[in-house]
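The values are calculated or read from the model by the stated rules, or taken from the named source; none is laboratory data. These numbers come from a predicted model, not from an experiment. Glycine gets a Cβ as well: all are built from the backbone with ideal geometry, and neighbour counts include every protein chain shown. For accessibility, only protein heavy atoms count, side chains too; no ligands or nucleic acids. Shrake-Rupley method; radii C 1.70, N 1.55, O 1.52, S 1.80 Å.
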Amino acid sequence: MSRRIVITTDYLEPGDSVDRLLRENGLDPVYSPAAGPRTEDERRNLFNGAIGAIVASEPITRDMLAEAADLRILARSGVGYDSVDTTAAQEFGIRVANTPGVNHHAVAELALALMLNCAKHFSDVISGVNAGQWPRTAGTELRGKTLGVIGYGPSGKAIAQIGAALGMRVIVGTSHPDTEAGPSIEFADVDTVVTAADYLTLHARATGTPIIGAERFAAMKDTAFLVNTARGSLIDEAALINALDQSQIAGAALDVLETEPMTKDNPLRNFDNVWITSHLAGQTVEARERAGQAAAQAVIDVIDGKEPVGLIV
């Protein structure tokens, strides 16, 4: 029987701790890192002969799973699973797992870094100095500002705690308020959060429809910044572009987009008050290690007949 485990997560490689863990459990990892779009044949044959797979954010579609006759477990080396057709996986008897709780500190730290860049203009100042200038741009302080957080999972909780520690007013929009959060963190409906925020940071799961669209951009302060380290689909990008054109908000800092990698013709490239990073919120050395280990353990558990942590279907 095949013991083949296909790994597409680009930072996992032969000889690392994940590779050793799989091999110690009698499995045979093979590597096919996602490096741009695959051909139709490559997609269809990706999981041929494999009993397990560890994948990152590459879309895993019905047609790919339909050809994976031996596949028993698909483990995401991340916390989301919207890139996987879980309905098809369930239909074909393929278990799907993710790795919850592995990167929320990393995500919260990047959200803070993006907020600080909005406040202090670090990227613009550094670029100016490198160009031979000496800009003395006045920044603003986070203390005393209102931090709006949408979503109160692990990363939402982490950034809320950071905001409170910095002396910000923290107001959270979630369907699961925490009665033990303490007086420094308030809970309200999403529209109230959107209207109140000086910095609005998104930490919700993908819902299939944007959370922030034209109406909510119109409701935001024109001095507010939007930060997204969650999912690109949470924002209506066309509405964001219009909001920036109309100066409805002060700017945006985005780690995720509707289409990734960012296309050359994306209009967001044209704004000086938009800062974009390359979907790296969870990409710290520590978070990668935890995610890889957790995904590998999920694969091992399912093959051994156990129920892994993070099992979705």
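Rounded to the nearest whole Å², what accessible area per residue is found for region 64-145 with the 1.4 Å probe?
Values: 4130 Å² over 82 residues.
Ligands and nucleic acids excluded, the result is 50 Å² per residue.
From its DSSP helices (H runs of at least four residues, each -39,500 (n - 2.57)), the chain gives a residue-normalised ellipticity at 222 nm of -9500 deg cm²/dmol.
Using a 1.4 angstrom probe on heavy atoms only, work out the carbon and sulfur share of the accessible area of region 50-108 in %.
Values: 1020 of 2110 Å².
Carbon-and-sulfur percentage of accessible area, whole number: 48.
Structural descriptor for the chain: relative contact order 18 percent, calculated from alpha carbon pairs under 8 angstrom and at least 6 residues apart.
Quick one: length gained pulling Ser175 to Phe122 fully straight, 0.36 nm per residue minus the C-alpha distance?
Working: separation 53, 0.36 × 53 = 19.08 nm, distance 3.48 nm.
Between Ser175 and Phe122, full extension yields 15.6 nm more.
Along the Cα-to-C-beta direction of Asp245, a point sits 7 Å from the Cα; which residues of region 218-232 have their amide N less than 15 Å from that point? Those under the cut-off are 218. Annotation: amide H-H contacts under 5 Å for Gly49 (H modelled 1.01 Å from N, sequence separation of 5 or more, or interchain): Ala69, Asp70.
From the square roots a ≥ b ≥ c of the eigenvalues of the alpha-carbon gyration tensor of region 72-184, which class results: rounded (a/c under 1.5), prolate (a/b over b/c), or oblate? Before the final figure, lay out the partial values.
Numbers: a/c = 3.82, a/b = 1.62, b/c = 2.35.
In terms of gyration-tensor shape, oblate.
Extending 7 Å from the Cα toward the beta-carbon at both Ser2 and Asn25 defines two label points whose distance is 1.9 nm.
Distance between the C-alpha centres of region 1-55 and region 135-162: 38 Å, rounded to the whole angstrom.
Heavy-atom surface analysis with a 1.4 Å probe gives region 234-285 a carbon and sulfur content of 47 percent of its accessible area. When the chain is treated as a GNM with alpha-carbon contacts under 10 Å, the residue of Val193, Val302, Val102 showing the greatest mean-square fluctuation is Val302. Note on the chain: Lys pairs 8 or more places apart or on different chains, Cα atoms under 28 Å apart, count 7.
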